[in-house]
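What follows is one structure encoded as structure tokens, with my remarks underneath.
The values are calculated or read from the model by the stated rules, or taken from the named source; none is laboratory data. Just so we're clear, the structure is a prediction, and the values are computed from it rather than from any experiment. Virtual Cβ from ideal backbone geometry, glycine too; neighbours counted across all protein chains shown.
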Amino acid sequence: MSKVVSRLVIVAALVVGWAALFLAPAAPASAHAVLESTSPAANSIVPAAPPEVVLTFSEGVRQVPDKIHVVAPDGSRADTGAPVFADASVRIPLKSGGANGTYLVNYRVISADSHPIAGAFTYSVGEPSAAPTDSNAPAIEESTFLKIAFPIVKYLGYAGLVLLVGPAMVLALLWPRRLSRAAPSRLAWLGLGLVGLSTVGELFLQAPYTTGGSYFDGSALRDVLGSTYGTAHLIRLGVLAAAAFLLRPLLSGRSGVADRALLVVLGVIGLATWPISGHPGASPVPAVSVVVDMAHLAGMAVWLGGLVMLFAFLFRQAAPRELGAILPVWSRWATLAVTALFLAGVVQALVEVSTIKALYSTTYGQLIIAKVVLFAVVLGVAAFSRNQVRKHAEPDDPRPLRKAVLIEIAGIAVVLALTSVLVQTTPARTASATATAGAEQPGYYSAMITTSPKFNLQVEVDPAKQGNNDIHLYAYTKDNQPQVVVEWTGTASLPSAGIEAIDIPLLGLAPTHASGAIQLPRTGQWELKFTVRISDIDQGTVTATVPVT
């Protein structure tokens, strides 16, 4: 019966773990920075062709070659030269003398935490036209294969780290001399191979993930290898190669103090490559986040790796007297590892979640909650195990401990699956800041009105909300040159609510620019009518329908 229960627990852990990988929302994975603003603004109408387009992101970004396009109304490229990247802003120079009509901006860049950001928007010069198409548009949607493959590859890396650290640690410090080292040594080599396979796999997948292009694009792979992400992964591969030479004597029981010390140094360097190439490297306090994430990884590897060694080998092969000597030492190690996990997790949550609301309103925060709940369950089981160790210095029947350890392993396996999803999910601090900015940003209305045969009128209403509103008018000739105005008048009405025309007091601030203010008492589709006199005999009236929220 106990074997059946053990198998059921293992199956349940695998099912829940892979469900966490495949069923968790994957959409946020492709954008860990956000486009905060553009100039010209998205969907705006400007009177004359701007010399450049400026994109401003929430964090620093770097270039994906030939993945930023500005397309003119006739379908030709309007951008010229290479975009200029300066921390969080990107300036795209444009050809001079751009025609009137609607322009399309397509972009794909890479955020500081190595995730791609892609999107598109339009703006118009003079008056809108049919939006052009871009046959070479950067891919915006991440492929289904990448959504599945990346978490799997990352999970293999975490699993390999556990299988490498656990056997190496136990064989070096706790393994009874009389027991064979062959099986746990094979487990350690398997772990080393999985970490290496995962590292190579991440490098291979990163190129199409960031560029949206082919899986065998040599130039894209070179760009990845030249980035911080690629450098960290190459360092990890170098650490693995150096560690392979030092592991052989350690696993066979012939290593000295110097070899072990050097392995610890290599381990610290290798651990640093995970946070440097992920979220912690792009956090508001990168030095703190990197150190904390290293402690988190080390605590996880020591705890779960030691549990695997206990369950797979020591409970089956060690004598009661040997277990009596091993378990108290392991219990102290586990306590230190769990403490490191807990403290590191708290600091990580404070940095990446930042607010209570973000904890429950974002996918990242919800995954953190699920991870904490599961972690609490595992801690409860671990506490039972420690209690058993204290009560029975030399357990005659280790089966209750084996069951408890099996549940710990299953629980932490699912925690690892959730972690694999977390590293591909937009941090809560970014997601919540974007949502808050969208909720708090005041409304704004801007449109070029072209219904008059005499002139064009740019109408701006700020904030286009119930209450006080500022109005700015800019006059242009039909060929979009500044138009001198002799007199400005205007009214506002809300026909749906029976509100008759309200005069808008307008003041000419310049020959081509007038300003005014008005109290709009209700929400709805307000009709603003402006009469503009450009000479003693020439004038025209235009109407703008403004949505007021």
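Every listed requirement among (1) in a helix (DSSP H, G or I); (2) at pLDDT below 90; (3) more than 27 Å from Val61 (Cα to Cα) is met by Arg177 save one, (1). The residues of region 193-222 that are modelled with pLDDT under 80 and either surrounded by fewer than 17 Cβ atoms within 10 Å (Cβ to Cβ) or among the charged types (D, E, K, R) (or both), listed by number, are Ser214, Tyr215, Phe216, Asp217, Gly218, Ser219. Within region 318-337, residues that are under 20 Å from Arg178 (Cβ atoms) reach partners that are in a helix (DSSP H, G or I) and modelled with pLDDT of 80 or more with beta carbons closer than 7 Å, at six or more positions or on different chains, in the pairs Ala318/Ile326; Leu323/Leu314; Ile326/Leu314; Trp330/Gly306; Trp330/Leu310.
Return the residues of region 53-77 that are at pLDDT below 85, assigned to a strand (DSSP E or B) and among the hydrophobic types (A, V, I, L, M, F, W, C); say none if nothing qualifies. Passing the criteria: Phe57, Val61. Against the condition aliphatic (A, V, I, L, M) and out of contact with any strand residue (DSSP E or B) (no Cβ under 7 Å at 6 or more places or on another chain), how does Ala88 come out, does it pass? So Ala88 does not fit the description; no. A Cβ distance below 6 Å, combined with a sequence gap of six or more or placement on separate chains, defines the contacts here; from region 523-539, residues that are more than 13 Å from Ala501 (Cα to Cα) reach residues that are of a type in the set (Asp, Glu) and assigned to a strand (DSSP E or B) in the pairs Arg533/Glu487.
Might you check whether a residue that is at pLDDT below 90, basic (Lys, Arg) and surrounded by 15 or more Cβ atoms within 10 Å (Cβ to Cβ) occurs anywhere in region 251-259? No, that holds for no residue.
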